[in-house]
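Colleague: I am attaching a structure below and will ask some questions about it afterwards.
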Amino acid sequence: MRKNFYVTTPIYYVNDVPHIGHAYTTIAADILARYHRQLGEDVFFLTGTDEHGNPVARAAERRGLEPQQHADEMAEKFKALAALVDASNDFFIRTTDPRHVAAVQKFMQQLHDQGDIYLKSYGGLYCAACEAFYAKKDLIGGRCPDHGTFAEEVEEENYFFRLSRYQERLLEHYHHHPDFVLPTTRFNEALSFISGGLEDISISRAALKWGIPIPWDENQVVYVWVDALLNYLTALEFGGGGGEGGSRFWPADYHLMAKDILKFHAVIWPALLMALGYDLPRHLFVHGYLLMGGHKMSKTRGNVLDPVAIIDRFGVDAFRFYCLREVAFGQDGIVSQEGFESRYNSELANDLGNLVSRTVAMIGRYSGGAIPERPAGELEGLPGIVTAHVHDVREAMRIVDLTGALERIWQIVRALNRHVEESAPWALAKDGSRGGELAAVLYNLAEGLRICALLLHSFMPGTSVEILRRLGQRTEASDLSLEAAEWGGLLTGAGITDRGPLFPRLAIS
Ligand code: MSP
């Protein structure tokens, strides 16, 4: 039976336009989705938009639009961003979808009927941008630590979820699943938060109109975080992920996110799932922030790098590559235009681009444009090196070390370039007695490059297919499986094509 694999991004708020931070998570999720398809698994990749709540209502008001109209426009922009970065998501969920609304109401009713929800008058310090209450000690001079805006004193009657009930079960789950939250630093953070004691949380809002009505009390709407978290389940019911009740894709394998929303996913979400009788997701993977000039990029701060402009100039694969290559996945890191251009030139134009050009050109020149037959002999030397790296790439991908996997792939690229220098095919070609050696070098280069292209596929899908085409290899989905990344699979005799530089060098001023 085929293994199922379910990966998600957070659903993004539509209170402002998408930026590179959103693109980052979507690209990372896409890489996992594509990689697991290459492993032959049945993949469901979900992304979407979080459309209810105060900030969205306010943003609509500022534009003189109805919230739904505003959300419709913004959701299109997020869909366009997903398409722009070549995301292969299987569905795009919007929380204003009536099917999501109905499913959330059903879940809320269940919690209510079970006695997991009660009514209580509540006052607290509330950050409207986070949609969250803060303890005074967690604010900085009365301001939200994340948004820098003042928290407001709010008093209302709300429905509360008995989160405290689930503390012990949560601790137990963490105890038995040390890889529930990755990387480990985030696991420890979540665990210490839970160990510190959980209080019941307010899961409805009275003063707000833009939300999903509480089914038994039309004067309240569902707290936007509960509405949002449930998307991971509701989308499976109507988004093609396996149908009503006990979908075949649940539990999710990976929820991807940055640390800003860890608490919601690591505490509230598993508790809600326990209450509703669902298994918990296998892993939350918490990546770092892309920073510009040392600050987290955010809409509120305005220091945003525009993915559209970068993709226009460098191509989508260069952008995907840069995001994962520059910043170790799981850690914070700075991205910049200069960093972009320098990696583009050194690693894409020089390392990879040159390797493709010279391999194809040499097969053209020295072998009449056809890949020579596989040389007889041992899997030593280059084949051995490549095979060892393939193993390491797979291992890195298994633990979602996306940056480590890319580094390994680049080690293959560099090993192949070194092989060109060391074996000097141009000298072999001058010596009629060394034709066999020359053919072996050309085969090895083409085979190494083919394997690189397969390993690169999840990161740079277009580039990967282009390299395979230039090598005259087949590029149907079934030809791109990871199983094919084994030494010796090269189609020989295949006609190569030279189509100019893959990544034209940029003149950097
Ligand atoms: N709507 C909630 C999520 C609900 S999920 C059930 C939300 N939306 S958001 O639009 O603010 O998106 C936050 C997420 O966007 C982060 O967790 C991260 O995945 C991504 N990022 C936003 N800015 C980012 C960076 N500067 N760097 C890395 N990731 C960034 O929170």
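The values are calculated or read from the model by the stated rules, or taken from the named source; none is laboratory data. All figures in this text were calculated on a predicted structure; none of them were measured in a lab. Cβ atoms come from the backbone with ideal geometry, glycine included; neighbour counts cover every protein chain shown. All accessible areas refer to the heavy atoms of the entire protein, side chains included, with ligands and DNA or RNA removed. Shrake-Rupley method; radii C 1.70, N 1.55, O 1.52, S 1.80 Å.
Colleague: Can you tell me the FRET efficiency between residue 411 and residue 80 if r is taken as the Cβ-Cβ distance and R0 is 41 Å, rounded to the nearest 0.05?
Modeller: Efficiency, from the Cβ-Cβ distance: 0.70.
Colleague: Whose amide H sits under 5 Å from the amide H of residue 181, counting only residues 5 or more places off or on another chain, with H placed in the peptide plane?
Modeller: When sequence neighbours closer than 5 places are left aside, the close amide H contacts are 284.
Colleague: Evaluate the distance, in nm, between pseudo-label points positioned 7 Å from the Cα of residue 248 and of residue 42 along their respective Cα→Cβ axes.
Modeller: Placing both labels 7 Å beyond Cα along the Cβ direction yields 0.2 nm.
Colleague: What's the Cα-based Rg to Rh of the range 4-304, Rh via Kirkwood?
Modeller: Rounded to two decimals, Rg over Rh is 0.93.
Colleague: If you don't mind, there's one more thing I want to ask. Over the chain, what is the percentage of antiparallel beta bridges among all DSSP beta bridges, to the nearest 5?
Modeller: 50
Colleague: So if each residue of separation counts as 0.36 nm, and I subtract the Cα-Cα distance between residue 306 and residue 260, what length gain in nm does that give?
Modeller: Values: separation 46, 0.36 × 46 = 16.56 nm, distance 2.10 nm.
Full extension from residue 306 to residue 260 adds 14.5 nm.
Colleague: Sticking with this one: Heavy atoms only, probe 1.4 Å: what % of the accessible area of the chain goes to carbon and sulfur, would you let me know?
Modeller: 50
Colleague: Once you place label points 7 Å from the Cα toward the Cβ at residue 398 and residue 119, how far apart are they in nm?
Modeller: Rounded to a tenth, the inter-label distance reads 5.5 nm.
Colleague: Which residues' amide hydrogens lie under 5 Å from the amide hydrogen of residue 369, considering only partners 5 or more residues apart or on another chain, with H built in the peptide plane?
Modeller: It is 364, by chain and number.
Colleague: Specify whether the C-alpha gyration tensor of the range 256-405 places it in the rounded, prolate or oblate class, a ≥ b ≥ c being the square roots of the eigenvalues: rounded for a/c under 1.5, otherwise prolate if a/b is larger than b/c and oblate if not. Don't skip to the end; give the middle numbers.
Modeller: On the way: a/c = 3.25, a/b = 1.57, b/c = 2.08.
Note, shape of the range 256-405 comes out oblate.
Colleague: Now for a different question. By residue number, which cysteines of the chain lack any other Cys whose Cβ falls under 4.7 Å from their Cβ?
Modeller: If one checks each Cβ against the other cysteines of the chain, 323, 452 turn up with nothing under 4.7 Å.
Colleague: Additional query: Please compute the length gained on full extension between residue 219 and residue 334, using 0.36 nm multiplied by the number of residues separating them and subtracting their Cα-Cα distance.
Modeller: Details: separation 115, 0.36 × 115 = 41.40 nm, distance 4.53 nm.
Between residue 219 and residue 334, full extension yields an extra 36.9 nm.
Colleague: Ranked highest first by average number of other Cβ atoms within 10 Å, how do 461-470, 424-433, 135-144 line up?
Modeller: Top of the packing list down: 461-470, 424-433, 135-144.
Colleague: Normalised radius of gyration for the range 458-509, please: alpha carbon Rg relative to 2.2 N^0.38 Å, two decimal places.
Modeller: 1.36
Colleague: Along the Cα→Cβ direction, 7 angstrom out, place labels at residue 143 and residue 102. What is the inter-label distance in nm?
Modeller: About 4.6 nm separates the two model spin labels.
Colleague: Can you grab the distance from the C-alpha centre of the range 145-206 to the C-alpha centre of the range 64-96, Å, no decimals?
Modeller: 28
Colleague: Residues with amide H under 5 Å of residue 12's amide H, sequence separation 5 or more or different chain, H placed in the peptide plane at 1.01 Å from N; which?
Modeller: 48, 49, 50
Colleague: For a label point 7 angstrom out from the Cα of residue 66 toward its Cβ, which stretches of the range 198-215 have the backbone nitrogen within less than 18 Å?
Modeller: From the range 198-215, the list is 209-213.
Colleague: Also: Can you quote the Å³ per residue value for the convex hull of the Cα atoms in the range 1-41, rounded to an integer?
Modeller: 53
Colleague: Sticking with this structure for a sec: When ligands, DNA and RNA are left out and all protein chains stay put, how many square angstrom of accessible area per residue does the range 4-304 have with a 1.4 Å probe?
Modeller: Ligands and nucleic acids excluded, the result is 39 Å² per residue.
Colleague: Show log10 I(q)/I(0) for the range 346-389 at q = 0.15 Å⁻¹, two decimals, from a solvent-free Debye sum over equal Cα scatterers.
Modeller: Results for the range 346-389 at q = 0.15 Å⁻¹ read -0.56.
Colleague: Would you list the P(r) distribution for the range 336-484, with all Cα-Cα distances sorted into 5 Å bins from 0 and each bin expressed as a whole %?
Modeller: Values per bin, smallest distances first: 2, 9, 18, 22, 21, 14, 8, 4, 1, 0, 0.
Colleague: From the cross-link list 136/263; 3/77; 79/263; 79/106; 106/209, which pairs have alpha carbons spaced over 22 Å apart?
Modeller: Check vs 22 Å cut-off fails for 3/77; 79/263; 79/106.
Colleague: Which number comes out as Rg/Rh for the chain once both Rg and the Kirkwood Rh are worked out on C-alpha atoms?
Modeller: A ratio of 1.04.
Colleague: Residue 135 to residue 73: extension gain in nm, 0.36 nm per residue of separation minus the Cα-Cα distance?
Modeller: Between residue 135 and residue 73, full extension yields an extra 18.8 nm.
Colleague: Return one whole number: the accessible area per residue of the range 336-484 in Å², for a 1.4 Å probe.
Modeller: 40
Colleague: So how strong a dipole does the chain carry about its Cα centre when Lys and Arg Cβ are +1 and Asp and Glu Cβ are -1, to the nearest 20 debye?
Modeller: Working: 49 positive and 65 negative charges, 194 e Å.
The calculation lands at about 940 debye.
Colleague: Would you work out if the range 150-301 is rounded, prolate or oblate? Take a ≥ b ≥ c from the square roots of the eigenvalues of the alpha-carbon gyration tensor; rounded if a/c is under 1.5, else prolate when a/b is larger than b/c, oblate otherwise. Could you put the intermediate results ahead of the total?
Modeller: Working: a/c = 1.32, a/b = 1.09, b/c = 1.21.
Rounded.
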